[in-house]
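Colleague: Sending over a structure as structure tokens; questions will come in a sec.
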Amino acid sequence: MEDAYIVNGGNVLKGEVVLSGAKNLALKTVIASLLFESKVTLTNVPKINDVHELLHLIKKLGATVEQTENTVTIDPSTLSSCKPDLLHASKLRASFLLFAPLLHKFRECRIPNPGGCRIGMRPIDRIISGMEALGVTTEYQSKDGYYDARLAQSPKGSYKFSKPTHTGTELLIMLGALGENEIRIENSALEPEIDELILFLNKAGAKITKVGATITIQGVKSLNQTKPFRIFSDRNEAVTFATLAVATKGSVEIHNLIPDQLHTFNEFMTKAGVKVLIRSNSIIYEYVGTVKPVSITTEPHPGFMTDWQPNWAVLMTQSTGVATVHETVFENRFSYVDELLKLGAQMEYVEESDIDNNTNYHFNTKGSKAMKQKIRITGGAPLHSAAIKIADLRAGATLLIAALIADGESVVTNANILERGYENIVEKISSLGGKLKRV
Ligand code: EPU
């Protein structure tokens with residue numbers, strides 16, 4: 001298999017799309033299911049590479065997994081190993097969330113350092129400090145890159161994140177959910193997946209409350225599911241399809257979404273002159289003759305999300321002027337820039353001399369490779385076909401959109417990276433009139 005998309009671009013895309021379940025909720029609920037006493041059923045689980053890898057990983061740890069289409073049932077009672085193997089754990093950054101269920105089940109575990117990935121170094125320093133504050137002892141073994149962790153008694157205490165972290169918050173929630181004590185997490189991240197994880201656990205007997213950025217957890221003895229839990233739809237997928245339709249001068253009605261989760265994105269689309277029509281369970285995005293240049297700076301939720309910025313950048317190539325994209329959450333999220341230049345886009349890096357790296361960025365700036373964090377895009381240059389290569393998930397969606405805008409045949413390689421997070425992407429784009437095939 002060549003692992004590529006062959007795209008014939010230049011068509012206006014129009015129609016309707018039904019979103020799949022959210023990757024970043026599915027992964028967490030699968031891992032949180034291992035905290036339960038008995039079987040857990042999840043529905044609307046997207047069939048994507050990351051979920052596939054995670055299910056494989058937990059099966060290797062002994063969990064029993066049954067999957068029928070988008071429904072997954074996990075029996076955590078058969079878990080038998082507390083050491084995820086490096087090969088499978090390293091394919092999935094979220095694998096470090098396994099600390100929580102494995103510590104509760106075995107009181108000790110060995111988890112590989114997830115390390116950097118294509119979008120940045122992604123250290124877990126704040127997350128390790130948070131676990132230690134709640135009573136976990138950890139020791140990093142540099143010889144094999146594993147953390148040895150132990151939990152001698154019920155988690156207790158409190159932790160305030162110096163800067164919020166999305167999966168870090170989720171890990172501490174999972175850790176505190178079981179036990180005898182009250183835990184407090186301050187300056188937590190605010191992403192909707194966190195609220196939904198709390199709902200998932202509370203429905204099974206957990207006692208977790210979140211007020212603003214403060215989470216209070218009263219540990220409980222056990223978690224038991226009473227009915228299947230449905231994974232909510234993927235807001236990042238919604239953004240990709242909205243951008244795709246508008247950037248090809250078309251329109252799309254996106255079904256199955258939660259409009260509130262897209263509030264900020266919709267504000268920016270409206271500023272860009274896109275018609276945004278919000279219905280109870282769907283949103284219509286329509287190109288109405290122009291895309292205005294609008295600059296963005298990424299921020300954790302409820303700001304303009306980092307996962308949306310690569311899509312925004314390609315939309316701005318179709319605008320009538322100059323816009324900037326400033327990334328503050330991950331230090332290496334511009335892998336698409338060189339590829340879009342190959343298609344004829346006009347964009348360049350901008351030096352920012354007046355920024356204090358330590359306060360303006362969510363990644364650790366000390367010791368990491370100096371990366372430029374802002375690009376300037378001049379809209380209006382026609383995109384032409386080329387061979388381009390995906391380096392990370394959201395950049396992948398961006399390159400596919402760009403190839404669908406560009407006249408002629410393009411080849412987009414490393415399709416498997418995009419398929420880590422997008423279900424049935426070829427079928428969905430084809431249903432809007434896009435011409436592409438997977439080879
Ligand atoms: N960070 C640290 N130290 C830590 C934890 C985080 O320096 O201990 C840094 C990270 O390196 C990053 C920043 O803080 O620069 C924010 O990281 P955060 O922990 O909030 O992000 P994450 O939990 O690793 C999740 C999603 C991302 C999404 C972000 C923001 C999952 C599996 N991943 O990442 O999704 O962009 O939150 O909402 O939920 C994607 O889906 O493609 C993706 C990257």
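Colleague: Could you work out how much longer the chain between residue 221 and residue 2 gets when fully extended? Use 0.36 nm per residue separation minus the Cα distance between them, nm to one decimal.
Modeller: Full-extension gain reported as 73.8 nm.
Colleague: Sticking with this structure for a sec: Over 19 Å between Cα atoms, which of 47/428; 28/91; 59/105; 23/91; 39/156 qualify?
Modeller: 39/156
Colleague: Now a separate question. Which value at 222 nm does the chain reach when only helices count, each DSSP H run of 4 or more adding -39,500 (n - 2.57), with the total divided by all residues and rounded to the nearest 500 deg cm²/dmol?
Modeller: Helix contribution divided over all residues of the chain: -8500 deg cm²/dmol.
Colleague: Let me ask something else about it. For residue 144 and residue 60, what is the calculated FRET efficiency with R₀ set at 25 Å and r taken between the beta-carbons, to the nearest 0.05?
Modeller: On the way: r = 18 Å, r/R0 = 0.70.
Calculated transfer efficiency: 0.90.
Colleague: Something else now. Bins of 5 Å, beginning at zero and ending with the bin holding the largest distance: percent of Cα pairs per bin for region 23-230, please.
Modeller: Over region 23-230, the share of Cα pairs per 5 Å bin runs 1, 8, 17, 21, 23, 17, 10, 2, 0 percent.
Colleague: So, R0 is 51 Å and r is the distance between the beta-carbons of residue 121 and residue 288; what FRET efficiency does that work out to, to 0.05? Write out the running numbers ahead of the final one.
Modeller: Working: r = 42 Å, r/R0 = 0.82.
Efficiency at R0 = 51 Å is approximately 0.75.
Colleague: Taking the Cβ of residue 387 as the center, what net charge do the other residues with Cβ under 14 Å away carry, scoring Lys and Arg +1 and Asp and Glu -1?
Modeller: Neighbourhood net charge equals -3.
Colleague: Over the chain, what is the relative contact order in percent, taking alpha-carbon pairs closer than 8 angstrom and at least six residues apart?
Modeller: On the way: 1021 pairs, mean separation 91.1, N = 439.
Answer for the chain is 21 percent.
Colleague: Further, regarding this structure: Assuming R0 = 45 Å, can you tell me the calculated FRET efficiency for the pair residue 14 and residue 67, based on Cβ-Cβ distance, to the nearest 0.05?
Modeller: On the way: r = 34 Å, r/R0 = 0.75.
So the FRET efficiency works out to roughly 0.85.
No value in this document is a laboratory result; all are computed from the given coordinates. This one's a predicted model, so the numbers in the text were calculated from it and none came from an experiment. Please note: Cβ atoms are built from the backbone with ideal geometry, for glycine as well, and neighbour counts cover all protein chains shown.
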